[in-house]
Amino acid sequence: MKPLIKNRVGRVGLGASVGALLLAASTASHGAGIVVLPQDIEENGTHNGLLFDNGVMRVSEEVSTFPIIWVANAGEASVSKIDTNTGVELARYWTFFPEQASSSPWGGPAPSRTAVDSRGNVYVANRHFDGRPPAVLKILNEEAVDHAGDGQVNTSRNEDGEGMIDPDTEMMPLEDTNNTGRVDPEDLQDDRIAWHVTVGNDNDLGRSLCIDNDGQIWLGMYRGQAYYQLDSDTGQVLQGPIDTEGHTPYPGYCIRHEKGG
């Protein structure tokens with residue numbers, strides 16, 4: 001595995017796991033808070049921006065959040081990182097080979113679905129209307145993978161400070177170096193991209209993406225009518241295909257699969 005470069009640039013926020021804690025917590029109310037049992041906190045981890053006082057969970061007055069929005073540019077095979085306070089595009093990353101992009105959001109790789117974890121890392125799914133299998137990539141917020149082995153963070157950044165990223169000068173290239181037709185580890189040049197994996201079969205059309213209570217990734221196949229669970233650290237398929245029995249997964253709808261259930 002390539003080394004991680006510790007380059008802390010983000011602020012730790014409440015993250016997606018807060019929802020999991022809220023669901024796990026007792027429904028008994030106590031003032032402005034929610035009663036949380038010790039085992040709930042232990043099972044769901046720690047949560048920046050939350051205070052726990054005698055089993056009561058409250059939101060801190062000094063909540064730290066990520067002022068970032070991730071926008072998938074479906075017709076350009078890229079995703080943009082935008083500062084919501086300033087409107088400035090901080091970075092832009094290719095989600096597939098740019099020469100394979102389509103001017104239509106319903107053609108080519110067509111990235112669309114995103115999910116952000118509690119550390120600010122984002123997962124992006126290419127739907128692939130071009131007949132290829134769907135793909136998922138992970139873009140790091142606080143760390144970087146030293147793909148070139150040079151000890152530097154080679155990544156997209158807004159060098160001139162203007163509102164938008166220039167694809168020609170402010171993005172790292174993504175090329176099919178070995179002509180496999182998929183993004184392989186050796187193709188990655190942007191050190192913020194931790195991994196890029198192809199999942200499922202041709203024409204599956206990945207149209208649902210979310211993070212479960214354990215921090216793992218679920219990708220739903222609209223045409224394939226199945227779900228896959230991916231390891232959020234490596235992109236490895238942990239489970240799947242899990243048949244949805246005729247249902248077509250779509251945004252906002254994801255399942256939590258229990259073994260034997």
Can you pull the percent of the range 117-190's accessible area that's carbon plus sulfur, 1.4 Å probe, other chains left in place? 42
Accessible area per residue for the range 82-137 in Å², computed with a 1.4 Å probe and the full protein assembly in place, what is it? 35
Sequence of His247, His147, His128 from largest to smallest accessible area, 1.4 Å probe: His247, His147, His128
Can you run phi through the Karplus equation (6.51, -1.76, 1.60; θ = phi - 60°) for the range 206-215 and list ³J(HN,Hα) in whole Hz, with x for Gly and Pro? x, 10, 9, 8, 7, 10, 8, 5, 9, x
If each of Thr84 and Val71 carries a label point 7 Å out from its Cα toward its Cβ, how far apart are those two points in nm? 1.4
Hey, how many Å between the Cα centroid of the range 64-87 and the Cα centroid of the range 152-192? 16
Quick one: give the max-minus-min coordinate of the C-alpha atoms of the range 114-261 along each principal axis, largest first, in Å. 50, 33, 31
Could you give the length gained by full extension between Asn154 and Asp130, i.e. 0.36 nm per residue of separation minus their alpha carbon distance, to one decimal place? 5.7 nm
Asp146 to Ser104: extension gain in nm, 0.36 nm per residue of separation minus the Cα-Cα distance? 11.8 nm
Under 8 Å for C-alpha pairs, at least 6 residues apart: give me the relative contact order for the range 139-234, rounded to a whole percent. 22
Let's test the formula: R0 of 30 Å, r as the Cβ-Cβ distance of Glu245 and Asp214. What FRET efficiency results, to the nearest 0.05? 0.80
The extension gain from Glu186 to Gln236, computed as 0.36 nm times the residue separation minus the Cα-Cα distance, is 16.3 nm
Would you list Thr169, Thr198 from the most to the least accessible area, probe 1.4 Å? Thr169, Thr198
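The values are calculated or read from the model by the stated rules, or taken from the named source; none is laboratory data. Please read all numbers here as calculations on a predicted model, not as lab measurements. Note that we place each Cβ from the backbone using ideal geometry, even for glycine, and neighbour counts take in every protein chain shown. Side chains are part of the model used for accessible areas, which takes the heavy atoms of the whole protein and leaves out ligands, DNA and RNA. Shrake-Rupley method; radii C 1.70, N 1.55, O 1.52, S 1.80 Å.
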